[in-house]
Amino acid sequence: MKTYTTTTAMRTALGLFVTTILLFPVYWIFATSLKGDAELARTIPSLFPLHPDWQTYVTYVFKNPDIAHYLWNSLQIGVGTMVLSLVLGVPMAYGLARQPIKGKRLILMFLLVMQMFPSIMLATPLFVFFSNLHMINNLAAVILATTTRTLPFGVLVLRPFFLALPNSLEDAAAVDGANPWIAFVRVILPLARSGVITVAALIFLLGWSEFLFSLTLLSDESKRPLTLGLYKFITNYGTNWNGLMAVAVVAAVPVLLVFIFAQRYITSGLAFGAVNE
Amino acid sequence: MRALTPYSFIIPALLFLGIFLIYPMFTNLLYSVERVDVGGLLTGVTPFVGLQNYQHVLGDPQFRSSVIILLIFTATCVTFQFIIGFLLALLFKDRFPLSGPMRGVLMVPWLLPMVVSGTIFKWMLQLQNGLFNYVLLSAHLIHQPIAWLDDPHIALAGPIIANIWIGIPFNMALLLAGLQSISPSLYEAASVDGANLWHQFWRITVPMMRSQILAVLVLGIILTSNVFDLIYIMTGGGPVNATTTVPIYAYQSSFVFYDLGSGAAATVLLFIVLVIIASIYIALLNREEVRS
């Protein structure tokens, strides 16, 4: 019994060690954002900010007039991509899991191949496409472009959740004379709730993190999201790393929020989706 | 009418993908055999030039070097992500105190926006005051600070390190799910027969996980080959194109030099290679299915 506890303790110690190292960069963003200029210039970097200085947040985030519209644009892209992907993707995932549809295997293969497209391959034609529609500098163009990437992903991750539900659900609803859509919305959807939350959270983060389509489809600075704002600051602020890190913290906040509230769903959901493909 | 209802679940999504994905893909293919520049875009006149764009791209030393850089980038990233991810999956396979929360927070690097990850690594890899140089100098592993992102001979290492960091959680999560699907009775039987852990790993774990390992590697190759944001943010493809991979090359062709035809040709070439890799994967998977 003694050897058992020693190995367990060793595993915990090793686990803590690895986790600390791998998460250190995330901590380092935050630590750097709180350091003053003098402290940053020290030859020996301090592990903890010696005099935590929130001034960087005031200067580079709160008093920075650009941050508000960057955030607002990011939020619109994130929510827009999430809503559009779910409206189209949830019924598709359900249909491919539980409805008598011909060529299912072919459609699934098609979705898998869709995921392989390099985004840059779509960037050029979509730029021309949206130029012709006079939709350059329109956030809707970015939302539509990003959904081409998130929709196949969402369907593939979500389908196993529907497959896992018992077969008798639709039969019971059909006996009651319900239309398949009504059965889907009233019976199936509530049961697949955890899957839908997982996918919704992940797609929101993908939209929030989007970079390439915003770079190519939005040239007006006031229309651009925070990801591009952060990139611009790298070039503009040069070596003001504390200010840059304060903005990076703001860009990372949704990830941490989603993570805190949906972690349970995300880790199990991802593994679930991946294994069942 | 009733027979059509099942299709109503998938038709809206298929229509969307047809308009915003398939149609642009098709026009991209078309651009790759046309001369598409700023004037052409304004007037709508894009003459057919046959395979000229492909000849131009394949003959461009810049493109050839971007292929080699992409191969180095992808091979190094996938190898390290896979090995480290596998080791972590083995560590976290059995529950131990705090294993759940640790597995959870280890996903954070994968979920962070690439711009954020790129910025933090750019800062840690700075010549002056960068954490990497500080740690390596303190450990006496190097004697001079390294200009990680500014020295063309070593610049690719920066995006590689950052991308390995981003990819580890993904590899770990998928491999962990595979490990946990192996029945513990197999290991019990093996240890009764006197097989040690090393033998158990090669005789049970690896063969049982063959399809997951294959999936993780193929997905890793595809995702890594497509990386754009991270490199664009950390180095922009420089210094002197030392980190210009095929996606960066295609971006520059289309959006910096406005030679959209060549940009399109470069992405089509990349896509063909990825399709070949994926086809090999699917063929192997089918063979596995037949075998089992």
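What follows is calculated from the coordinates using simple rules that are stated; it is not laboratory data. Everything quoted here is computed from the prediction, not taken from an experiment. Cβ: placed from backbone, ideal geometry, glycine included. Neighbour counts: every protein chain shown.
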Worksheet item: Suppose every K and R has +1 on its Cβ and every D and E has -1 on its Cβ; what is the size of the dipole of region B:25-180 about the Cα centre, in Debye to the nearest 20?
Response: 460 debye
Practice prompt. Report the semi-axes of the equivalent ellipsoid for region B:1-79 in whole Å, largest first, where each axis is √(5λ) for an eigenvalue λ of the Cα gyration tensor.
Written response: 36, 25, 9
Practice prompt. Measure out, as a whole number of angstrom, how far apart the alpha-carbon centroids of region B:213-241 and region B:2-31 sit.
Written response: 28 Å
Worksheet item: Which order results if B:188, A:170, A:221, A:210 are arranged by neighbouring Cβ count within 10 Å, fewest first?
Response: B:188, A:221, A:170, A:210
Response to the item:
Scoring only Lys, Arg, Asp and Glu (+1, +1, -1, -1) among other residues with Cβ under 15 Å from the Cβ of residue B:129 yields 0
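So which DSSP H runs in chain B come out at 27 Å plus along the axis (Cα) with average Kyte-Doolittle of at least 0.0?
Values: long enough: B:61-92 (46 Å, 1.86); B:157-180 (34 Å, 1.41); B:260-291 (46 Å, 1.56).
Span-like helices, by this rule, are B:61-92, B:157-180, B:260-291.
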Practice prompt. Pick out the long, greasy-scoring helices in chain A: whole DSSP H runs spanning 18 Å or more along their own axis by Cα, mean Kyte-Doolittle at least 0.0.
Written response: A:2-33, A:65-98, A:104-116, A:119-132, A:139-163, A:193-209, A:241-275
Discussion item. Please state the shape class of the protein assembly as shown: rounded when a/c is under 1.5, otherwise prolate if a/b exceeds b/c and oblate if not, all from the C-alpha gyration tensor.
Written reply: rounded
Fill in: Positive minus negative residues near residue B:92 (Lys, Arg vs Asp, Glu; Cβ under 11 Å)
+3
Practice prompt. Report, ordered by chain and residue number, the lysines lying within cross-link reach of residue B:93, taken as a straight Cα distance under 25 Å and ignoring same-chain residues fewer than 8 apart.
Written response: A:2
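Given a cut-off of 21 Å, name the pairs among A:223/B:122; A:63/B:122; A:35/A:63 whose C-alpha atoms lie farther apart than that in the structure shown. Show your work: numbers first, answer last.
Numbers: A:223/B:122 26 Å; A:63/B:122 25 Å; A:35/A:63 18 Å.
Long pairs (Cα-Cα over 21 Å): A:223/B:122; A:63/B:122.
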Worksheet item: Relative contact order (percent) for chain A, with alpha-carbon contacts under 8 angstrom and 6 or more residues of separation?
Response: 31 percent
Worksheet, complete the sentence: Percent of all Cα-Cα pairs per 10 Å bin for region B:81-150, counting from 0 up to the last occupied bin, reads 17, 29, 33, 19, 2
Practice prompt. Identify, among B:243, A:235, B:80, the residue whose Cα sits farthest towards the positive end of the charge dipole of the protein assembly as shown, taking +1 on the Cβ of Lys and Arg and -1 on the Cβ of Asp and Glu, with the dipole about the Cα centre.
Written response: B:80
Item to complete: Could you go through region B:101-106 in sequence order and give the Karplus-derived ³J(HN,Hα) for each residue, using 6.51 cos²θ - 1.76 cosθ + 1.60 with θ = phi - 60°, rounded to whole Hz, and x for Gly and Pro?
Response: x, 5, 4, x, 5, 5
Discussion item. What does the structure give for A:88-101 when I average, per residue, the other chain Cβ atoms found within 10 Å of the residue Cβ?
Written reply: 4
Worksheet entry | Charge dipole (the protein assembly as shown, unit charges on Cβ, about Cα centre) - positive-most of A:83, B:90, A:25 | B:90
Worksheet, complete the sentence: Sparse-neighbourhood loop hits (trypsin sites (Lys or Arg not before Pro), region A:18-70; DSSP loop; Cβ within 10 Å at most 10 others) -> A:63
Worksheet item: So, in Å, what gap is there between the alpha-carbon centers of region A:195-257 and region B:95-113?
Response: 22 Å
Discussion item. I need the phi-derived Karplus couplings for region A:182-188: 6.51 cos²θ - 1.76 cosθ + 1.60, θ = phi - 60°, integer Hz, Gly and Pro marked x.
Written reply: 5, 4, 4, 6, 8, 9, 6
Worksheet item: When we measure straight from the Cα of residue A:232, which aspartates and glutamates land under 20 angstrom away, once same-chain ones fewer than 8 places off are left out?
Response: A:66, A:210, A:220, A:221, B:150, B:229
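Quick check: from the Cα gyration tensor, does chain A come out rounded (a/c under 1.5), prolate or oblate? All intermediate terms of the calculation are to be shown ahead of the outcome.
Details: a/c = 2.53, a/b = 1.35, b/c = 1.87.
It is oblate, given that a/c is not under 1.5 and a/b is not larger than b/c.
Arranged by the count of other C-beta atoms within 10 angstrom, fewest first, what order do A:181, B:165 take?
Values: A:181 13, B:165 21.
Starting with the residue having the fewest Cβ neighbours, the order is A:181, B:165.
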Discussion item. Classify chain B from the C-alpha gyration tensor, please: rounded if a/c falls under 1.5, else prolate or oblate depending on whether a/b exceeds b/c.
Written reply: oblate
